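Every number in this text was worked out from the coordinates using simple rules, so none of it is lab data. Computed from a prediction, not measured in an experiment: that's the story for all the values here. Here Cβ is always computed from backbone atoms with ideal geometry, including for glycine, and neighbour counts include all displayed protein chains.
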Amino acid sequence: MQEFRRFVRGPVGKVLLAAIILPFVISGFYGYFVGGSTGDVVAEVEGSKITRGVVNQRVERVRNMLREQSPNMNPALLDSFVRPEMVLDGIVNEQLILSAAEQSNMVFSEKQVAADIYKVPLFQVDGKFSEQRFERELRARGMNPQTYVQGLRQDMLKEQFRAGFMQTDFSLPLELNEQRRLGEQSRDIRYVQLDIDSLRKQFTVSDEDVKAFYDDNQGEFMRPEEFKVSYVELSADKYTDQVSVTDEEVEAEYDVRKSIMEEAGAGDARRHVSHILIELNDDRDLDQAKARAREAAKAIADGASFADVAAQYSDDLGSAQSGGELGVVSKGALPEEMETAIAELSPGTVSAPVVTDAGVHLIFVTQEDTATALPSLADLSDQIRADLTKARAESLLNEDVSKLEELLYEHPDLQSPAEQVGVSVVTTDWIDLAAANAPLSLPQVQQALNSEQVRQQGHNSDLIEVDSTHYIAVRIAEDKPAEPMPLDEVSFAIRERLKGELAMDKVQQLAKMAEKTIEEGGNLESVATLFDVEIAEQEGLQRGGAEPAMEVVNGAFSAPRAAEGDASPVSITRLGNGSVVAYQVTSVADGNAEPLSAAQQQAALIELGNVEGQRNFRQVVALLRDEGDVELYPSRLSANQGE
């Protein structure tokens, strides 16, 4: 079983992991293919335009996700890792997949989407779908229900298209056996290593050589340009101490909130409601809908449960799957006709047919909770005071934000604007901009510091919005040009570098001699004598291993299989650090020695089929890119680039 686990975690598993991650990185772009000015359009895919704003929005989403997962990640590294070009490539692929799915007449109705939305935990309250929660969560993300449903439908169409390739492949037991034979195979080797670090210690470099290298390569030993940066910050926290809230104001706000809660039915007896909806459509008029509702009501009267009848008759797909349950319904959440009927129903009784714009309903109050008292002024006073304080502080902040934005343009420094809004100017010591601490390390602040306006022209930056309650403006107070580093600070690095170059020359010389020795029929012992090292052995090498070195392992598994009892010819490989290894394979042991149980074999066959499906789908996407109508304008990804 150990070998089987290695097989699953080996190259096959890695390929599968990459295939799973890729769709996550490139998916979720629904609603992005909208028009824009010609200069903003960075790609056209099958007639749909992708704008720069869409790409930048997605770039920030991915970067924010990575920041949440790795808060200490270097911002510069994050920016270089998640690039607009990479994200644009993913968006193009997704649009090609969507177009291909639509051209294949694949369909995923909005009713099917709605049924899935009902199951999303984010949109549920007490385990039941909540329309208010649904709309609130979408608003918080800058979306509306229509675009969300349409986008989700598109995502499901793309998944249908993917599944047609990725879930229809299969593997045969013979293929599995061959994969196991190769994937679990192990090899034994003998090797000698000419280590460059050991050779480096054999050389010495004089002070004169160090000085000469320093003088000849002055440009390599420069301190980076340094700056003193001045900045001012505005944040809502600064204004909290400047505002006060009286007890009378708290009480007045409580009265307003209490009125709103009473109007919404808060504190009233909570009723758990279920319903059966008979829709009106092209095939069913109002009279026919009422007749079907009466048929459903008769089934309930004859002893069938409301839940079973809802599953059979209701056209509300989301609630029908859960016995027609709508959960606890607050005032204003349902049409007036339904709310009137609910108010008149006793728990455990079914209403007469109720007509609304949606159709004909049968309503059932499953449970009524005891009415609860609304929170008292004492219960809410602290929260109300905090809310009013926060709102007033943000109001003062917004006033100063507007004022400071103008002052930054009107004054050649930060001191005057800062005094007029009552904040202090902070000036750093000498720093390298790329290694600045917060808040100067924020990406938007770094962008401003490196802009022509601030760095070259010496002006104040625009007021930068860090978030809705935090703003900052910066300017370069002083700059110090790059300058040579003293010799004593870099002499050790130079000495080691020169020793490394001498060692590398020696390695190259000995490697050529070893290759010639092997060509003339010399064995591994001859190479060991040349390198002046002992022969080492390692047994049981596995594919993808890193010992004694990845290059050696890869080479050993690439070597032809020698006859039983013989060793392979001696090969030489160079490692990433410059060292050289000569090796030969002395033994090969195939995998697949331990049989799998029926369940293990079935799982492995499914996994191999998935891997082949992933490979096939990548080929399909490549074909769509080759044959699709795709125009890319990568130079437009930067707002500073012209047409």
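Between Q447 and L122, the simple label model (points 7 Å from Cα in the Cβ direction) yields a spacing of 2.4 nm. For the range 268-368, the percent of C-alpha pairs falling in each 5 Å distance bin, counted from 0 to the bin holding the largest distance, reads 2, 14, 26, 27, 20, 8, 2, 0, 0. Relative to the Cα centre, the charge distribution of the range 268-368, modelled as +1 at Lys and Arg Cβ and -1 at Asp and Glu Cβ, gives a dipole magnitude of about 320 debye. Taking a ≥ b ≥ c as the square roots of the eigenvalues of the Cα gyration tensor, the chain is oblate, since a/c reaches 1.5 or more and a/b is not larger than b/c.
Based solely on its DSSP helices, what 222 nm [θ] is calculated for the chain when runs of n ≥ 4 H residues each add -39,500 (n - 2.57) and the sum is averaged over all residues, nearest 500 deg cm²/dmol? Present the calculation step by step, with values, prior to reporting the outcome.
On the way: 23 runs with 316 residues, N = 643.
When only DSSP H runs of four or more count, the value is -16000 deg cm²/dmol.
Subtracting the Cα-Cα distance of A477 and E594 from 0.36 nm times their residue separation leaves 34.9 nm of extension gain. Which shape class applies to the range 95-197: rounded if a/c is under 1.5, otherwise prolate when a/b exceeds b/c and oblate if not, where a ≥ b ≥ c are the square roots of the Cα gyration tensor eigenvalues? Note, shape of the range 95-197 comes out prolate.
By its C-alpha gyration tensor, with a ≥ b ≥ c as the square roots of the eigenvalues, how is the range 556-635 shaped: rounded for a/c under 1.5, else prolate for a/b larger than b/c, else oblate?
Numbers: a/c = 3.54, a/b = 1.37, b/c = 2.59.
It is oblate, given that a/c is not under 1.5 and a/b is not larger than b/c.
If you put +1 on each Lys and Arg Cβ and -1 on each Asp and Glu Cβ, how big is the dipole of the range 413-487 around its Cα centre, in Debye rounded to 20?
So the magnitude is around 40 debye.
Counting only lysines at least 8 places from K390 when in the same chain, those with an alpha carbon closer than 18 Å to its own are K238. When peptides 337-346, 603-612, 50-59 are ranked by their average number of other Cβ atoms within 10 Å per residue, the highest-first order is 50-59, 603-612, 337-346. Extension gain, Q160 to E489: 0.36 nm times the residue separation minus the Cα-Cα distance gives 112.2 nm.
Lysines near K211 by alpha-carbon distance under 24 Å, same-chain residues fewer than 8 away left out - which ones? Reachable lysines: K201, K499, K506.
Would you be so kind as to identify which of A296, A559, G323 lies farthest towards the positive end of the dipole of the chain, taking Lys and Arg as +1 and Asp and Glu as -1 on Cβ and the Cα centre as origin? The one lying farthest along the dipole's positive direction is A559. Annotation note: chymotrypsin sites (Phe, Trp or Tyr not before Pro) in the range 93-187 located in DSSP loop regions with a Cβ neighbour count of at most 10 within 10 Å are absent.
What is the chain's relative contact order, in percent, from Cα pairs under 8 angstrom and six or more apart in sequence? All intermediate terms of the calculation are to be shown ahead of the outcome.
Details: 884 pairs, mean separation 166.4, N = 643.
Result for the chain is 26 percent.
Which pairs in the list K49/K158; K49/K119; K119/K158 are over 27 Å apart, alpha-carbon to alpha-carbon? In this structure, K49/K119 exceed 27 Å between Cα atoms.
Got a sec? Charge dipole of the chain, +1 on Cβ for Lys and Arg, -1 for Asp and Glu; which of T469, S206, M338 is way out at the positive end? After comparing all options, I get S206.
Taking the Cα centre as origin and putting +1 on Lys and Arg beta-carbons and -1 on Asp and Glu beta-carbons, what dipole magnitude results for the chain, to the nearest 20 debye? Please list the in-between numbers first.
Values: 61 positive and 110 negative charges, 351 e Å.
Here the size comes out at about 1680 debye.
Taking trypsin sites (Lys or Arg not before Pro) across the range 286-389, the ones in a DSSP loop with at most 16 further Cβ atoms lying within 10 angstrom of their Cβ are K331.
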